[in-house]
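Following: one structure in C-alpha cells, then a few remarks.
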Amino acid sequence: MDILLKGGHVVDPATDLDSTADIFIKGEKVADVGKNLKATGAKMIDCKGKIVLPGLIDMHTHLRQPGREDEETFITGGRAALKGGFTSVLCMANTNPPVDNKGVVEYIYAESAKADLANIYTVGAVTKGLEGKELTEIGQIFEAGAKALSDDGRPIMDAELMRRALEYTKMFGLPIISHCEDLNLSRNGVMNEGFISTKLGLKGVPRAAEIVMVMRDIELAQLTLSRVHIAHVSTKESVELIRQAKKKKIGVTCETCPHYFILTEEAVSGFNTSAKVNPPLRTKEDAEAIKKGLADGTIDAIATDHAPHTEEEKDIEFDLAASGMIGLETALPLVYMELVIKGVLKWSEAAERMSLNPAKILGLSGKGSLKPGSDADVTVFDPEANWVVEAKSLESKSKNTPFIGKKLNGAAELVIVGGKIKFEGGAV
C-alpha cells in the first residue's frame, strides 16, 4: 500500500528540509518529497500540525533476549520502540548467552524478524563471555551482521586489549561502543559520589571513574587511528574531553541519554531505585554541560540506554537493586520538553541527534533521512498530545522508570517502518 503524508512540518537534516511538505511513500521507499503532491490510489494521511521526522534510531538498548525474557523480549521491546517513535533499535550484547559469536548474532536477527515491529540490529561483544580477557571472532560477528562491538555493562579494563580491539575493528569499519568506567574507582559504588551519597550513607562512584576511561579511549583511538563511540556520557569533564578530541580530528563520537540532562543525583533521595543507573545520575552542573554539548554538536547522539528490570530486581535495598531504567517510550517527549521547547536544540538538531547521526555512526544505509530513495522509516510526532506516564499503559515488559506519574507533552502519533504503518493513533 502506497502512503501519502500530507501537510506536515517535515524535518530532514540530511537535506536541510525544515518546512511544510508532503511525503509520498511507494513500497518500502520514500518516492518523493515536496508540496502539493498527488498519488492516485495511495492512502492519504493528514499530518497538518504534526512534526514529520526520519524514523528515530536508538543506538543503545537492552532487549534482554536471549536469556532474560522475563525482563524484555523482541516483541515487547519492539512495541515499546514503536510507541516511542523509534523505527530502529540497536540492542547490546550483554544477553545470556552474550552476543559473542556468529550463532547468537544470527539468532537475534532470525527471532527479531518474527516480531516484525521495529528494525532490530545487534551489537557484538568485544570479548568472549564479556570477560575482558580474549577478543571475539570479530570478522565472523561482522559478517553475521553486527553493526558495532561493545561489552556495554562492563568496561574493557585492559588497555592493551582495547587497543587490539580498535585495530581489528578498523579493518571492518565497525565502531566500538565503550562503557567508560574504571572499576578500581567505582567498585561497589551505587550513586554519584558527593554530599547526597554521604547524607544517604551510600557508597559513591567518583566522576573520575568515567573521566579517566574516556581519556584513555580517546588516546587509544588516536594511537590506532580507529573509531570509538563513548556510551552514556554523564559528566561535564567527559564532554570537554570529547570536545577537544574532535577539534584534533580524533575518531571519537558519543551519546548521552535523557536522564542525564533532565535528572540529577537528587532523584535518588528517598532511596529511589528507579533512579539507580550506571553511570549514575550526576549534578545539575553536569546536566547543563551535557545540554551545552548537545547544542554545540560535541554530543552526536541521544540514546535511551533502555534497561528493563523486573519489579523484584528493583523493589529491594538500594545497594542490591539492579542499575538501569527503561526509556524507549519517554525519550522523544522528554527531548521535546527539555531541549526543543526550551530552545537548546532546534527540531532539525534533535532529528540529527536521534536519527541521522546514529545512522551515520552505525553505517545504516538508507536510514536517517527522508530524501527520495531512502527507506520509508518515518516518525510523525504530535506536539499537542498530553499524557501521563502510567505503568499499566507502558508497552515495555518492565516498568522501571522514575518518570511514572509525570505529565509529558507530545507523543508519536504515527510510525512507519519500511513503508508499513506499525503504530497509529496510540496503538501498535
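Only the coordinates and a few stated rules stand behind these numbers; no lab work does. Just so you know, these numbers come straight off a predicted model, no measurement behind them. Every residue, glycine among them, receives a Cβ derived from its backbone with ideal geometry; neighbour counts consider all protein chains shown.
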Whole-number percent relative contact order across the range 310-387, with pairs defined as alpha carbons under 8 Å at least 6 apart: 11
Out of the GluC sites (Glu not before Pro) in the range 315-381, which ones are loop residues according to DSSP with at most 14 other C-beta atoms within 10 Å? Glu317
Between the range 231-271 and the range 299-319, what's the alpha-carbon centroid distance in Å? 17
To the nearest 10 degrees, how steep is helix 74-83 against the longest Cα principal axis of the chain, on a 0 to 90 scale? 60
For the chain, the spread of Cα positions along each principal axis, largest first, Å: 64, 47, 43
With Cα atoms, 0 to 90° folded angle of helix 159-172 axis to the chain main axis: 20
Could you order the peptides 158-164, 361-367 from most to least packed, using the average number of other C-beta atoms within 10 Å per residue? 361-367, 158-164
Output the relative contact order of the range 6-78, whole-number percent, from Cα pairs under 8 angstrom with separation of 6+ residues. 29
With +1 on the Cβ of every Lys and Arg and -1 on the Cβ of every Asp and Glu, and nothing else charged, how large is the dipole of the range 55-362 about its Cα centre, in debye rounded to the nearest 20? 1040
If I take every Cα pair under 8 Å that is 6 or more residues apart in the range 55-362, average their sequence separation and divide by the length, what percent do I get for the relative contact order? 17
Sort out for me the Cα centre separation of the range 380-423 from the range 95-159, rounded to whole Å. 28
Gap separating the Cα centres of the range 322-340 and the range 347-368, nearest whole Å: 17
Long pairs among Lys292/Lys346; Lys50/Lys367; Lys203/Lys342; Lys48/Lys406, criterion Cα-Cα beyond 24 Å: Lys203/Lys342; Lys48/Lys406
Which listed residue (Ala231, Ala80, Leu130) has the Cα farthest towards the positive end of the charge dipole for the range 55-362, taking +1 on Lys and Arg C-beta and -1 on Asp and Glu C-beta about the Cα centre? Ala231
Subtract the Cα-Cα distance of Glu134 and Phe271 from 0.36 nm times their separation in residues, and report this length gain in nm to one decimal. 45.5 nm
Among 208-215, 296-303, 81-88, how do they line up by average Cβ neighbours within 10 Å per residue, starting with the highest? 81-88, 296-303, 208-215
Return one number: the angle in degrees, 0 to 90 and rounded to the nearest 10, between the long axis of the Cα atoms of helix 102-115 and the longest principal axis of the Cα atoms of the chain. 40
5 Å is the cut-off here: which amide hydrogens, built 1.01 Å from N in the peptide plane, fall below it relative to Gly410, excluding neighbours closer than 5 in sequence? Ala385, Asn386, Trp387
Whole-Hz couplings from phi, Karplus 6.51/-1.76/1.60, listed for the range 272-289; x for Gly and Pro: 6, 5, 5, 9, 8, 9, 9, x, x, 4, 9, 9, 4, 4, 5, 4, 5, 5
Along the range 401-416, what does the Karplus equation 6.51 cos²θ - 1.76 cosθ + 1.60 (θ = phi - 60°) give for ³J(HN,Hα), rounded to whole Hz, x for Gly and Pro? 9, x, 8, 4, x, 7, 7, 10, 9, x, 7, 5, 9, 9, 10, 10
Given the chain, what percent of its DSSP beta bridges are antiparallel, to the nearest 5? 50
Amide H contacts under 5 Å for Asp32, restricted to residues at least 5 apart in sequence or on another chain and with H modeled in the peptide plane, are Phe24
Mind listing the phi-derived Karplus ³J(HN,Hα) values for the range 369-375, rounded to whole Hz, using 6.51, -1.76 and 1.60 with θ = phi - 60°, and x for any glycine or proline? 8, 10, 5, x, x, 6, 4
